[in-house]
1. Condition first: without any contact (Cβ under 8 Å) to a residue 24 or more places away in the chain and farther than 13 Å from residue 112 by Cβ. Now tell me which residues in segment 147-158 satisfy that.
2. Could we say that residue 218 is within 16 Å of the ligand (Cβ to nearest atom), among the charged types (D, E, K, R) and in contact (Cβ under 8 Å) with a residue 60 or more places away in the chain here?
3. Might you check whether a residue that is surrounded by fewer than 16 Cβ atoms within 10 Å (Cβ to Cβ) and within 16 Å of the ligand (Cβ to nearest atom) occurs anywhere in segment 85-105?
4. Go through segment 221-254 and give me each residue that's in a helix (DSSP H, G or I) and within 23 Å of residue 173 (Cβ to Cβ).
5. Among the numbered criteria (1) touching a residue at least 40 places away in the same chain (Cβ under 8 Å); (2) within 16 Å of the ligand (Cβ to nearest atom); (3) surrounded by 15 or more Cβ atoms within 10 Å (Cβ to Cβ), which one does residue 223 miss?
6. So, residue 230, is that one crowded, with 16+ Cβ neighbours inside 10 Å and either more than 16 Å from the ligand (Cβ to nearest atom) or among the acidic types (Asp, Glu) (or both) or not?
7. Looking at (1) farther than 23 Å from residue 192 by Cβ; (2) surrounded by 15 or more Cβ atoms within 10 Å (Cβ to Cβ); (3) in contact with a helix residue (DSSP H, G or I) (Cβ under 8 Å, 6 or more places away or on another chain); (4) modelled with pLDDT of 95 or more, which one does residue 153 not meet, given that it meets all the others?
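The values are calculated or read from the model by the stated rules, or taken from the named source; none is laboratory data. Worth saying up front: this structure is predicted, and the values here are computed from it rather than measured. No Cβ is skipped: glycine too gets one built from the backbone with ideal geometry, and neighbour counts run over all protein chains shown.
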Amino acid sequence: MTNPKIWELYAVKYATSINRIRNDNFLNTDPHDSTPMPLDYYIWVATSEDQTIVIDTGFDESEASARGRNIQRSITESLSLIQIDAKKVENVIVTHLHYDHIGGHAEFPSAKFHLQESEMHFATGPHMCTDVMNHSFSIEHITSMVKNVFEGRVTFYDGVGQVAPGITVHHVGGHTMGLQFVRVLTKRGYVVLASDTSHFYENMNQANPFPIIFNLDDTIRGYERLREKAETKNHIIPGHDPIVLDIYPAPNERLSGIVAKLDIQPNS
Ligand SMILES: [Zn+2]
């Protein structure tokens, strides 16, 4: 193994879902609780002197209108805010194949996609025969990823793997069969991008999962896996929590509320 590198790490928000209540975001709910609880959509970016790794690809306008989501900027535009050209990105980690994580993959024509073998199996096999399982997948995204496989543009992992020095993927399952989280070495130590291993801080802190679940036991164990791999609990970044933009600083004032710098200690 090559010596690990230190990466700068960003969360970039590209969309939001504002009309949600707490009961939409937890498995165990209080039927009387209708408190609003919006959900944000992010992609993440790790940069070093000579490399850029993008984590997840968001979704596009057509998927947004089909699912009643509010897209704020395209993935290409989102990346340009931190001086990254999506067309030139060579490596994209895909945490799982849900529409809001793979939907922008066509914006990365030069990229190789890094995903778990079990996720491709999940998205193309018998589990997709029922609406309740296939609801968060888009057939267009999945067929296009199969094309990428035939073109040699997909690197598969089975468990743990190194994508670049200092960046590893970790299969965890739970939310989908092949969900993986990403561990990145930064100047404040190892930061773990949970993606949908924990949508919100509250999901893991209360062991009360987001209600899209393939395997409940793996979902619950996933919270422990995140803690094992992160330097401290302040080094875990949930996949969809608006709080991330409040507690991490923006790289500059103009990007406040859009980009968070995750390699800096959060302010709470
Ligand atoms: Zn998901």
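1. Result: 147, 150.
2. no
3. The answer is no; no qualifying residue exists.
4. Matches in segment 221-254: 221, 222, 223, 224, 225, 226, 227, 228, 229, 233, 235.
5. Result: residue 223 fails condition (1) only.
6. So residue 230 fits the description; yes.
7. Evaluating residue 153 over (1) farther than 23 Å from residue 192 by Cβ; (2) surrounded by 15 or more Cβ atoms within 10 Å (Cβ to Cβ); (3) in contact with a helix residue (DSSP H, G or I) (Cβ under 8 Å, 6 or more places away or on another chain); (4) modelled with pLDDT of 95 or more leaves (3) as the failure.
Residues are listed down the side, and each one gets a yes or a no for (1) free of Cβ contacts under 8 Å to residues at least 40 places away in the same chain; (2) buried (at least 23 other Cβ atoms within 10 Å of the Cβ); (3) more than 16 Å from the ligand (Cβ to nearest atom):
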{"position": "9", "(1), (2), (3)": "no, yes, yes"}
{"position": "20", "(1), (2), (3)": "yes, no, no"}
{"position": "38", "(1), (2), (3)": "no, no, yes"}
{"position": "61", "(1), (2), (3)": "yes, no, yes"}
{"position": "83", "(1), (2), (3)": "yes, no, yes"}
